[in-house]
Amino acid sequence: MSDPIAFLPMASLPDVLPAKQAFWSAVSGRLRDAGIAGVSDTLHQSTDLQLTWRKPELLFSQTCGYPLVLGLEAHVQLVATPVCEAPGCEGAYYSSAVVVRAEHSATTLEELRGLRCAYNNLDSQSGYNALRAIIAPLANGEPFFSSVIESGGHLRSAQALVAGDADVAALDCVSMAQMRLFRPALIERLRVVSYTEKTPYLPFITSATTDTSTVALLRKTLQDVLHDPASTDFKQQLLWSGIEVVPRCAYDVMLQMQRQATALDYPALQ
């Protein structure tokens, strides 16, 4: 049988990768001490997120809630949801900041009409689905933006705005707070126009085949690590202060946002 996989791909800033590794080193050591064999200190690396999330040996990972409700849930189960400390967060819920360049005159969503939009990727709750949901009531079934581009990540969306290649983007509030820590010169060039609706944050997951006792151990270990004073350094960078066990049904709001946008004849961000 293959060794357990730990996979934490949800990082919009390369600056936080060392903190993620430190977090996993703390978690993996406790799991081995508790009798989970074969747990590596090293995080699995893959560019194929969907394939890796579906592996039966997946012990621990993190995903966006939107791909979860779009079909990933058949292959995984929820472990817990991080509680984040950032403007725009409330408990295990988060939102996105709709941003423009600091010098732009727009102060309302309506004033974004006709601008160039950048989003990170199509299956992102924070960068795509949430933005589509708040634009749909304004669009009247017509294209709202003059152009829409896929950037490949929140950091790249922010950089596109600063470079003048786009005018507006939705950045998840945790990524934005991390940019404030690591890329202050970048974030000072942006200004928040509005926030999207709060939804559950990116959940920790495990394979659907993971037994209930291991799921319980993962939850206890996460709580212990995130409440350990020795974890302060990487917690301050990841902005995780604890976990909540959020029910799967709470993520259905993301599908509701998609359906409401479609009902308003705005099925795609445009």
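Keeping the other protein chains in place, figure out the carbon and sulfur percent of the accessible area of region 134-235, with a 1.4 Å probe.
50
What is the set of long-range amide H partners of Ile5 at a cut-off below 5 Å, with H atoms built 1.01 Å from backbone N?
Amide H neighbours of Ile5: Leu58, Leu59, Phe60.
Using the Kirkwood radius built from alpha carbon pairs, what does the Stokes-Einstein equation give as D for region 14-79 at 10 °C and 1.306 mPa s, in µm² per second?
The estimated diffusion coefficient comes to 119 µm²/s.
Using only the alpha-carbon atoms, how far is helix 154-163 inclined from the longest principal axis of the chain? Give it as 0 to 90 degrees, nearest 10.
30
I'm a student and want to see the number: the projected area of the Cα convex hull of region 111-270, averaged over all directions, in nm².
Result: 10.8 nm².
Whole number in Å², please: accessible area per residue of region 32-141, 1.4 Å probe, ligands, DNA and RNA not counted.
I get 39 Å² per residue for this part.
Return the percentage of antiparallel bridges among DSSP beta bridges fully within the chain, rounded to the nearest 5 %.
70
Run the quick spin-label model on Gln45 and Leu186: label points 7 Å from Cα toward the beta carbon, then report their separation in nm to one decimal.
Between Gln45 and Leu186, the label points sit 2.0 nm apart.
Counting only Cα atoms, I'd like the Rg/Rh figure for region 80-133, Kirkwood definition for Rh.
My calculation of the ratio gives 1.02.
Do any GluC sites (Glu not before Pro) in region 113-198 lie in a DSSP loop with no more than 14 other beta carbon atoms within 10 Å, and if so, which?
Within region 113-198, the qualifying GluC sites (Glu not before Pro) (loop, at most 14 other Cβ atoms within 10 Å) are Glu188, Glu197.
Tell me which trypsin sites (Lys or Arg not before Pro) from region 4-34 have a DSSP coil assignment and no more than 10 other beta carbons within 10 Å of their own.
Counting only loop positions with at most 10 other Cβ atoms within 10 Å, none of the trypsin sites (Lys or Arg not before Pro) in region 4-34 qualifies.
How far is helix 252-263 tilted, in degrees, relative to the longest principal axis of the Cα atoms in the chain, given as a value from 0 to 90 rounded to the nearest 10?
That helix lies at roughly 30 degrees to the long axis.
What is the ratio of the Cα radius of gyration of the chain to 2.2 N^0.38 Å, where N is its residue count, to two decimals?
1.02
Can you tell me the orientation of helix 17-33 relative to the chain, as the angle in degrees between its alpha-carbon axis and the longest Cα principal axis, to the nearest 10?
30
Sort largest first and round to whole Å: the equivalent ellipsoid semi-axes of region 43-159, each the square root of five times a Cα gyration tensor eigenvalue.
So the equivalent ellipsoid measures 30, 16, 14 Å along its semi-axes.
How much mean residue ellipticity at 222 nm does the chain get from its helices, if each DSSP H run of length 4 or more adds -39500 (n - 2.57) and you divide by all residues, to the nearest 500 deg cm²/dmol?
-10000 deg cm²/dmol
Going Cα to Cα from Lys20, which lysines come in below 23 Å? Please leave out same-chain ones fewer than 8 positions away.
Within the straight-line cut-off, Lys20 pairs with Lys55, Lys220, Lys235.
Separation of region 26-82 and region 1-17 by C-alpha centroid, Å?
Value for the Cα centre distance between the two parts: 8 Å.
The values are calculated or read from the model by the stated rules, or taken from the named source; none is laboratory data. Quantities reported herein were computed from a predicted structural model and do not represent experimental measurements. Quick reminder, even Gly has a Cβ in these numbers, built from the backbone with ideal geometry, and neighbours come from all protein chains shown. Only protein heavy atoms, including side chains, enter the accessible area calculation; ligands, DNA and RNA are left aside. Shrake-Rupley method; radii C 1.70, N 1.55, O 1.52, S 1.80 Å.
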